[in-house]
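First up is the structure itself, then whatever we jot down about it.
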């Protein structure tokens, strides 16, 4: 694995390739534009990249990192030292400013000649990273080089000899210098070197013996490891690769000092637990970050992102002042003091503040409601979850009343016999048109369930606008329709898979799926042929498994599963996945080759892994995350059926909640950890004993 970048926010981010393979930079980085050095007026130059910029003047290099500025100055440097572009790009940079057009040349390197007598400074990009070298001519005095960092809160040298700069809650690390000379034969000779922090605050380079008649090169490398997690609990729930070129993250935080950008919709925590939403550049810079929430507890459950980078969220809020829009279906809380589902659309390109909030609404009735799954299609937003509110808003419903004959009177819920009850739970499915104001924005809304408890966990939509909902049901009388794979409830909680047609108001297909133990689906998606894929967990040794499955034997305490079914012809493929300790799969993605990517957690020491695993074994955590890639098209018992599988492990506990895969095959997974999830030798960051989120981005070999 080659680490390209490490970044700690409420997350830890690493880019690289699987261990044991040749290093590969992820597609997200390959596709990023190379660093371009461009001249500006008054002799200044600028380097541009996604989410950051460097400005070069006679006083030094100013770096914009998140919301902070850091200037690298060279004490005693000649202000007259001129800049020269080198390695010109074949095409210039072109800009439209209002109605005017400007074209400027662009270069791959920037040289500043004679910054000290006989010493040149060269800036250049390595991929999307910024580096710089000192070239010291024969006989020149290298001891004249003095570096000063303006804008850092503190500067110290660590045990490895690196210069570590505190920058708010983050750190900038300038690695111990690499100094070398090249002999006439071409051999490179490394020179002993170390930093020395002088009494005047400047950073200097002490050199060992070297040939003063030969050119000398000093190569400092700056890395940006940003500890932007807040001081309390933070975790990542969902991750998505944005077609606009950013990595989008959503999660939850109790921190009041969580990092937000200046253009945030909400710059501070409104109370207790809030949601956070972030756009992160592939280079690690924060493009956008905001809190989202009210005075009590707010929790995001799932996020999706459209082709324009607009973010759609659902979850649950107990806040009576959760941010909503005036055009919302329910702009005020349906019942004070209760928790309700929400659906929020956030567009960070609007410039910050209220314009960011495109549409935001409560979803609920007089009792408790929660949103768990969200999908978008053709301008509409689809949400599923669960509700205990008999007066949950419905429209054109397949099932207009909550199951079991429950009703509300005087703020109290009663069952059909007239007794008070807390056992009226149904899934719901809602279709919203955010361009419509108020009540007309609900195009369709229905209960879905029986007389006990039913919870929608995930939703997908086909080209005809039909809604595919999955989750868990404890109702033997959950509605069944069509050619059900399993028409009868097996007990202890079963998966359900249902297909609703909001245009006709019908239930076109619905089935149980499960065995004698508890079974629950966490994610649903559709393949190009319209077949339904679901994943989650099963505690049932008799869960429906096909003969062509990768794993036909139940692991023991519980396993993840991958099931593919056709609403017309029945079960296509179904497999256990896991070891003897127990697994849960939370998220799933399908690529164009028909391979299925799963993420979740495992408690198994014998979890199935592949030889090229990022982490082939647990490092001691009782709960570890996992990433796996299964190919159902491979023959039974073929080793090719398990394309890739790895622990995401730490000394604490780790769960991989979210997963996405970009068109080029880079895998993005995110979740929560209490320790370091990076393989040995990479991003060895310190962690407090608290929950912090992580993001890993890597490519398969």
Where the Cα pairs of the range 479-638 fall when distances are cut into 5 Å bins, in %: 2, 9, 18, 22, 21, 14, 8, 4, 2, 1, 0
Relative compactness, the range 416-498, computed as alpha-carbon Rg over 2.2 N^0.38 Å: 1.26
Pair residue 640, residue 69: separation of 7 Å Cα→Cβ label points (nm): 5.8 nm
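Taking R0 as 35 Å, what FRET efficiency do you get between residue 409 and residue 492 from their Cβ-Cβ distance, rounded to the nearest 0.05? Can you show the working numbers first?
On the way: r = 33 Å, r/R0 = 0.93.
Calculated value: 0.60.
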Cα-projected label distance for residue 526 with residue 131, points at 7 Å along beta-carbon direction, nm: 4.9 nm
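Counting other beta carbons within 10 Å of each residue's own, what order do 235, 254, 276 fall into, fewest first?
Numbers: 235 23, 254 18, 276 30.
Going from sparsest to densest Cβ surroundings: 254, 235, 276.
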The range 404-463: relative contact order as a whole-number percent, Cα under 8 Å and 6+ apart: 30 percent
Radius of gyration, Dmax [the range 294-408; alpha carbons; angstrom]: 14.3, 48
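With a 10 Å radius around each residue's Cβ, average the other Cβ atoms per peptide and rank 631-641, 548-558, highest first.
Numbers: 631-641: 13.7, 548-558: 18.5.
So the order, starting with the most tightly packed, is 548-558, 631-641.
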Residue list for the range 312-356, given a label point 7 angstrom along the Cα-to-Cβ vector of residue 433 and an amide N cut-off under 18 Å: 327-330
Estimated distance in nm for a label pair at residue 504 and residue 307, the labels positioned 7 Å out from Cα along Cα-to-Cβ: 2.9 nm
Dimensionless Rg/Rh of the range 455-564 - Kirkwood Rh, Rg from C-alpha atoms: 0.96
Expected 222 nm ellipticity per residue - DSSP helices of 4 or more, -39500 (n - 2.57), all of the chain, to 500: 0 deg cm²/dmol
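Can you give me the relative contact order of the chain as a percent, contacts being Cα pairs under 8 Å and 6 or more apart? Provide the component values of the computation, followed by the final result.
Numbers: 2151 pairs, mean separation 66.2, N = 701.
Averaging sequence separation for qualifying contacts and normalising by length gives 9 percent for the chain.
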Pairwise Cα inverse-distance average, inverted: Kirkwood Rh of the chain (Å): 27.4 Å
Residue-span extension gain [residue 416 to residue 159] - 0.36 nm each, minus C-alpha spacing: 85.4 nm
Model label zone, residue 606; criterion: amide N under 19 Å from point 7 Å along Cα-to-beta-carbon; scope the range 647-680: 647
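All of the numbers you see were taken from the coordinates with simple rules; none came from a lab. The model shown is predicted, which means the values in this text are computed figures rather than measured ones. All Cβ positions, even for glycine, are placed from backbone atoms using ideal geometry, and neighbour counts span all protein chains on display.
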